[in-house]
1. Given the criteria more than 9 Å from chain A (Cβ to nearest Cβ), more than 16 Å from D:L318 (Cα to Cα), over 21 Å from the mean Cα position of the chain (by Cα) and of a type in the set (F, W, Y), does D:F188 qualify?
2. Hey, any hits in segment C:88-95 for a residue that's assigned to a helix (DSSP H, G or I), at the interface with chain B (Cβ under 7 Å from one of its Cβ atoms) and surrounded by fewer than 21 Cβ atoms within 10 Å (Cβ to Cβ)?
3. Kindly provide the set of residues from segment D:128-187 that are polar (S, T, N, Q) and modelled with pLDDT under 90, ordered by number.
4. For A:H107, state whether it is under 25 Å from the mean Cα position of the chain (by Cα) and part of a helix (DSSP H, G or I).
5. Looking at A:G485, A:G452, which is the one that is surrounded by fewer than 16 Cβ atoms within 10 Å (Cβ to Cβ), under 23 Å from A:A395 (Cα atoms) and modelled with pLDDT under 80?
6. Quick one: which residue in D:L131, D:L151, D:L119, D:L147 is of a type in the set (A, V, I, L, M), within 18 Å of D:L14 (Cα to Cα) and without any contact (Cβ under 8 Å) to a residue 60 or more places away in the chain?
7. Please note which helices (runs of 4 or more DSSP H) are completely contained in segment A:365-447 and include at least 1 residues that are under 19 Å from D:G233 (Cβ atoms) and at the interface with chain D (Cβ under 9 Å from one of its Cβ atoms).
8. Going residue by residue through segment B:141-148, is there one that turns out to be at negative phi and not in a helix (DSSP H, G or I)?
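The values are calculated or read from the model by the stated rules, or taken from the named source; none is laboratory data. Keep in mind that this is a model prediction, so the values were computed, not measured. Cβ placement follows ideal geometry from the backbone for every residue including glycine, while neighbour counts extend to all protein chains displayed.
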Amino acid sequence: MSLLEIIILLPLIAALAIWLGAPARTTSVGVSVLNLIMVLGLLFQFKSASVGKSGFAFESARTVLENPSISFGVGADGVALIMALLTVLVAFAAVWQISDDKPGIYHIASQLIAGGALGAFLCTDVFFIYAFHELALIPTFLMIALHGHGDAENCRSVAWKTTIYLGAGSLVLLAGLAWVVLEFSGGGQLTFDLNALRAQAATSPLPADKQAQIFLVLLIGFGTLVSLFPFHSWAAPAYATAPTPVAMLHSGVLKKFGLYGLLRIAMPLLPQAIHVAWLQEALLFMLLGNVLVIGLVTINQKRLDDVLANSSVMHMGYIFLGLAAGTEIALRGAVMLMFAHGISIALLFALAGRLRSQIGTLELNKLGGLGAHAPAFTILFAFGAFASIGLPGLANFAGEVMIFVGSFTNFGSAQFTSLQWTVVLALWGVVMSAVYMLRAYRHIFHGTASAGLFMTDSSLSQRFPLVLLAAALLIVGCCPWLLLGLIKSDLVAGISAAAAH
Amino acid sequence: MPPLLFYLFAALSLGFGLMVVLSRNPVTSALSLAMSFVGLAALFISLDAYFIGTIQILVYAGAVMVLFLFIIMLLDIKEEAEKRSSLGAIVGAILVASVLSVQIATVCSSLSHSKQSVADSALKLQEAGAEMTASGKSLATITKDLAAGELPDTKLMGLTLFSQYAFHLQVIGLLLLVGTVGVVVLSKREKEVAP
Amino acid sequence: MITLNHYLIVSGILFALGFAGVIARRNIIIIYMCLEMMLSAANLTLVAFSRFNLVDGLPDYTAQALVFFTITVAAAEVAVGLAIIVALFRSKQSVDVEAVTKLQG
Amino acid sequence: MPDQETSSLPTLLLLLPLLTALVILLGNKVLKGASVALSVFSAAVCFIISFILLGTQDSSPILLPFLEVGKFRIAIDALIDQQSRGMMFIVTSIGLLVHLFSLGYMKEDEARVRFFGSLSLFMFSMTGIVLAGNLVMMFIFWELVGLSSYLLIGHWFEKPSAAEASKKAFLTNRIGDFGFMIGILMLFMANHGDVSFLGLKSSFAEGPLHEIAKSNTTFMMLAALGIFMGAVGKSAQFPLHVWLPDAMEGPTPVSALIHAATMVAAGVFMLVRCSFVIEASLSAATIIAWIGGLTALMAALMATQQNDIKRVLAYSTLSQLGYMVMAVGLLAIQVSGEHHEAGPGHPAMFHLYTHAFFKAMLFLGSGAIIYACHHEQDIWKMGGLMKHMPVTFATFAIGTAALMGVPGLSGFFSKEAILGLAFEVKNPSGSPLFWVGVGTAMLTAFYMTRMFVVTFFGKPRTENAHHAVEAPIIMIFPLAVLALLTLISPIGPVARLLQAMEPKHAENHPTVMIASIAALIVGVGAGIFLYRGKDKDPLNIKLFANKFYFDEIYAVIVQVCQDGLAWFVTGLERLFVDGLVARLPAFIATRLGSAARVLTGGQLQSYTFLLGAGVLIVIYLVIFVLPHLGH
């Protein structure tokens, strides 16, 4: 059994064990730590690992079905490992901060989401990628419905909305994947193996316009999962309502699956699609909706959880911008931003969760002056908030600046194309994100606390995983070359190279 | 039967049938139904089914209708107790009824012997009596009546029921018994709850 | 001349009338009456066929036996049905079918 | 491989304050007082390093990698030349003095550890800006000084005004950075991915940018204005000037260091660094010069009616920054419009240096006064402080004189250089801007006299002023050092540094000399005449006192354009996006569902109807369709 398989299955086994009666917290935290260590180990091994022709290291496959060919294949390249690292980091923080009075289902759900996400990121078979993602979605719905914040009626309706949206998105995605599999299965037999599909795509590429059509279907499918405008309206209420660990894991990790899928499946198989003018412009239009419309919507929010939830939707626009630019720098920036955003939003949701459990309200107008009472909390929040603003020195900035720079690579030109105009408009979103984040920060931490509405710092051990997340933001922000060195795999480079043909 | 009488009884049956459906007052409906059954019984008799016609009147127009009226009075259902039916239901009803009628009419007209009249298929009583006597399966009273040119309808009915369908008849009896018991059980008041 | 067709059409119309009543009326007792009407219409068809399908020159008494059974069963059914209506009325204080929606799937 | 010798000093200079800030952040509870000492120590070491740097050769070492993708890379590199060495010296020397001053000023503050941590963070970011060898790196530290400024303005964040001011400062700067980033990206694109200053410079001399500057003037103008927008935010030029006066909510040492001497001057520093961009577009240069002039004049007018001692100084800073920006624009006009060879120095940088010393001194002096008057900042509640605080009085007098441009003091020379430049420029913008400069100089003399007279002369107007005593030695010392620097700047080693930046003019213009001295005399005379012995302001100009109502106008703009639009868009989003994407399908589904409800609604009649309909269909199919199928 390969290490990757163990990493994927361990959280699922843990979930099963907890369900069967194993001590919830111990098992859950233990497994998370174990996974964290294993993924870190893989990261260090990765440089020396033998990389196959397809760019994956640590590959192994178990055949499940001969025809159509489905196999439980795992493998990791730089991008996958970064996503895996993101998953285990956030999962660790998420399960650690679940307080003891919560029922075991919190741990079960978290482990299922983590395991599903890991599976989706590390599998090399389209069938399993899809299946693992669906596996991770189900506990999300359940937890929103059963243990969401707010009254039960609201939880139910939000859970339904999320379920319907993501279900519909997954259906479109399924159609798109089916199309891909049908188009690219060579040799008269259907195959779900990503490597085989890519080999077929490389030898007999489709005409660009057809690529764009398939890409559009995949984009809508994956885009709904990533809350791409205008398929986003599930995301904000879902995150605002979901219990803290689920909000952390979904917004931080699972949501990135859509982007990862585009990077992993859509772009390598359909490398020219994004450079087809109508598709690129459609995507630019949609992502501007994310950045500008949702940016304004975020400014209008009055509660911290709403602000965070909407900001998470908004920042997806920048990652899509990286994909839309399609150049190597921009794509790597997109990967970087996926990681950075995952960490920062998970950190912020964890802190918001603590705020809620300590004070009982997230209404910005009722909060205030916490900076004086809880300095450590304030610093952690500042890390998250300033990271999502895009302050240099924290990870998000590195991703954003690479995306922006990568969109300006028609060198020597003195003309703006639609891509560059989009960047100019999207840059205004950076100002807007500063507006709402600083507004929230000012309301929560500055000024003086209202009577009874203040909190104290948690103990060192309680905030340890959050410090870990903040440290990850800082380290990656100051030394982005550490992560960039990992993407030596040619996924990203391959996409831009293939598109150049 | 002369055509005139047929039309009279058919109209009686259908007209009062319509009354049943249309009447706002349940009592009117019940009485109309009785009248409709009388017309129907006449049609039975016109088909030489004297026994069936008789019990149609006895059982239906007599017993069952009385039961209906009794219940209506017991429950004291007033005319205005019923809300007006919804337009959809009325339209649906008319639609289904008319289409069904047309379909039935079309099907019936296309049957091979539907153009036969009673005269076309006249009863051959003597020949039948002779044959029965020859086979020895029948009772003397029946063959005597047949030989006399009369249709011993009730006797033939009895013969059929008690010989050919004797077992079924007993099952029906059992059914009635069960029905009786069931009615008793159903009508029993539930345990009195102290007011 | 009165042919078999006449009888069958009368029977069909009576049946359709009854059916229309079942659909359109809301008073459960009247619906019951309409049901009886439909049964009787079926009886008419049976008797008509028994008269026009002669067996050895006599009407087909098998059909008439069936009519007999039908009438018997209908009588039993009316008794039980009305008992049910009474029981229903006790709990709902109404004979309106709208009040009875327990069949909801 | 970077040269070990040339890169080790800048690296140390850069990383030492960062490490200090990190240690203070992490070891807050453990270190306590020691962290304050650590911060001061690191400032001192930085000062020593920058002093050593003064004697080194020009170099451009790469300090650290940052981003590297294929051919493209952005590194943390340094560009050590005359400009950065001089600026580094200013930053670290004033930084050290402010650290020392803060030891006294912030002695009783509970959060002084946080204060010193933020100061170290500021030192780190400012060092980065000064050293930066490329635009992206400059942008990185550009943002980081914004953060440290945010933290320091909001040091007393319990005070709502401080909290609002810090937020305002950060957001206003963000708007500037928006343009800055666009400018950087445009240059990045046009120059094939090279945004290092040296690379850009050579490209402008002869390369792709040279071509574009000739062929596509609009592009060049927009790029230059984008870069300039960064400076507009950071150096608080019109129309983004509103944050700087509010930034005075921060502790006074911070105002001295960040909001007078160094950070706000970073905009000017950056413009001088990128002067080749501005020189490539005459229209951009003209706009820049006019915005600078406008800011200088407007801020001076506003300063005449302020009563808060720090706000007077803040508007004075605005005005002087406007002067510098005007100089940048004028020189670019001269270079590009008149093909004038740029000399070795730059008048804007020269004024920046001189201004840094005396303005820092003025702010520290005002800090000492505020400290002595128990945090009283209204000049009308002071008075007669000359007797109580002789040292402060003396240093303040030197600073005031330098700011007004009294001949023989540093301010005089640098102001002369700028006015002379304006006088020389033959472009139609030159002459009006010259008179704007003279007018500003007169106003400067006027409002500084007003403040000086009201604060130090006359009788103490309140108890606090009455009992004011001289500040402790730890606060007096930096004042004295700065006074000394201001006095001796025409002579000695500092002079060599400063004079290196002083542009050499072929001729001295008597007109300029006469105009500036006349402006000085008129300003001082009017100030003394109006304010001697007064207990109340004899002038009352609402427009100036209320800062031309900019804050009010901006508040309305923010409310309408941002909050209103946000509200509106939120409504639209709910209505249309949610409506079209979610509600409409949901509505259709609901309708279909309720239509399907008939099937299972429990309605006996609907069942019957469906039964009937089904029967009809079956009959139809079986009897009327099926038999005919075969044919």
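1. No; evaluated as a whole, the condition is false for this residue.
2. Taking segment C:88-95 as the starting set, the residues that turn out to be assigned to a helix (DSSP H, G or I) are C:88-92.
With the extra rule that they be at the interface with chain B (Cβ under 7 Å from one of its Cβ atoms), the set shrinks to C:89.
The next check asks that each one be surrounded by fewer than 21 Cβ atoms within 10 Å (Cβ to Cβ); those that pass are C:89.
Looking through segment C:88-95, at least one residue is assigned to a helix (DSSP H, G or I), at the interface with chain B (Cβ under 7 Å from one of its Cβ atoms) and surrounded by fewer than 21 Cβ atoms within 10 Å (Cβ to Cβ).
3. Of everything in segment D:128-187, those that are polar (S, T, N, Q) and modelled with pLDDT under 90 turn out to be D:N134, D:S161.
4. Values: under 25 Å from the mean Cα position of the chain (by Cα): yes; part of a helix (DSSP H, G or I): yes.
Yes; evaluated as a whole, the condition is true for this residue.
5. Working: A:G452 fails: under 23 Å from A:A395 (Cα atoms).
After ruling out the rest, the residue left standing is A:G485.
6. Details: D:L131 fails: without any contact (Cβ under 8 Å) to a residue 60 or more places away in the chain; D:L151 fails: within 18 Å of D:L14 (Cα to Cα); D:L119 fails: without any contact (Cβ under 8 Å) to a residue 60 or more places away in the chain.
Of D:L131, D:L151, D:L119, D:L147, the one residue that is of a type in the set (A, V, I, L, M), within 18 Å of D:L14 (Cα to Cα) and without any contact (Cβ under 8 Å) to a residue 60 or more places away in the chain is D:L147.
7. Working: elements: A:370-373, A:375-389, A:395-407, A:418-445.
Per the criteria, A:375-389, A:395-407, A:418-445.
8. Looking only at segment B:141-148, we keep the residues that are at negative phi, and these are B:141-148.
Retained after the next criterion (residues that are not in a helix (DSSP H, G or I)): B:148.
There is at least one residue in segment B:141-148 that is at negative phi and not in a helix (DSSP H, G or I).
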